[in-house]
Amino acid sequence: MTALFEHALLLHRQHPDGPLPRDGEPYPDQARRGRSPSSDRDRRRDGADAAAILDAHFARPDAPPSDLAAAFDDVYVPIHRNDHIAAAALRADRERVRRTGRWLVRHGTHRNAVVVGLGLLATNWDDGDVPLIQTIGLLSDTFGALAAEALQRRRHGAQALVWLAERVAGWGRVYVVEALCRRGSTEAREWLLRHACDGDYLNGYFAGEVATVTHLHAAILAPDADDDLVDHTGRLLLVMTYCGGMGMTLQTYPPALAVLAAHAGHLARQAPTAPRHRTAGAIAENLAKHDRWNDIVRRYRAVLDRPEWEIRA
């Protein structure tokens, strides 16, 4: 059976600079999916079975990590950070926990084993684990949440998270961008201001958070805002016109009027392109549904109605 890490590594070599096709699906363990959780379960116990297996394993000083290869196949293992699994890691010797986590991530042939391994590494902070975590994190729908959690703890976590963020999409991008928002470093801010939104509908879960933690209002109000910043601001604003129920919308974003006005002002000085036209047009169309934004809508339409912009539609 192929290890999931080897599966991710092979696909990454074929697609080194972007997300893996279909998030790497199908995985090699497709026919061995773990048990689905019961809908009426006590969610407070999620992960408790896996933690009990870890406790029993770590209680045997000479037990090798390979003893856990199939130990989690038939239990429910949550893919997000789990207090039970984290507590089991903290009860055991730190270096042994790290060795076990690395082995499970590197050699696990079932996603449950790999998730547990990531959970163990997420309680550690050794930078030597970064390439391992990044690679398995490319299978981001399943492993992105814990990979982001683990990378966030590393000393060079911002750089590692940016690398991963540029190579994941869908839910994986949500997990990694949210981790970058929590990280709060200068490097993270510069990337978030220009690249966080990739146009996916799921961007709605983090667009408002990105605008807030990066102090977007301060960046976009600068007279020398660069094209990448202006274009990405347009994508952020567009998402925030429709993401109600997912994340912060323009209705609840305090500097919305100032940011919209600044974006429209920069747009008037940019070269007309089809993506800029589509983004600005969609912003104006969505804002036109509410009288509060009438002045802003007029500003966008004043730009889009120019002859040089019309031919780019």
Please work out whether the range 195-258 counts as rounded, prolate or oblate from its C-alpha gyration tensor, where a ≥ b ≥ c are the square roots of the eigenvalues and a/c under 1.5 means rounded, while otherwise a/b larger than b/c means prolate and anything else oblate?
oblate
Using a 7 Å offset from the Cα along the Cα-to-Cβ direction at both Y201 and R99, what is the distance between the two label points in nm, to one decimal?
4.8 nm
Shape verdict for the range 91-134, please, from the Cα gyration tensor: rounded (a/c under 1.5), prolate (a/b greater than b/c) or oblate.
oblate
Expressed in angstrom and rounded, the centroid-to-centroid distance over alpha carbons for the range 154-177 and the range 232-293 is 25 Å
What angle, in degrees between 0 and 90 and rounded to the nearest 10, separates the Cα long axis of helix 294-304 from the longest principal axis of the Cα atoms of the chain?
80 degrees
Answer in debye to the nearest 20: the dipole magnitude of the range 163-296 about its Cα centre, from +1 Lys/Arg and -1 Asp/Glu charges placed on Cβ, is 200 debye
Along the dipole axis of the chain (charges at Cβ: +1 for Lys and Arg, -1 for Asp and Glu; origin at the Cα centre), the most positive-end residue among H15, A50, P65 is A50
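Taking the highest mean first, how do the peptides 108-117, 170-179, 71-80, 219-228 order by number of other beta carbon atoms within 10 angstrom per residue?
On the way: 108-117: 26.5, 170-179: 23.9, 71-80: 17.9, 219-228: 14.6.
Top of the packing list down: 108-117, 170-179, 71-80, 219-228.
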Go from 0 up to the bin containing the longest alpha carbon distance in the range 154-313, width 10 Å each, and give me the % of pairs per bin.
11, 41, 34, 12, 2, 0
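Read-outs throughout are calculated quantities, based only on the coordinates presented, and are distinct from any laboratory measurement. These numbers come from a predicted model, not from an experiment. Please note: Cβ atoms are built from the backbone with ideal geometry, for glycine as well, and neighbour counts cover all protein chains shown.
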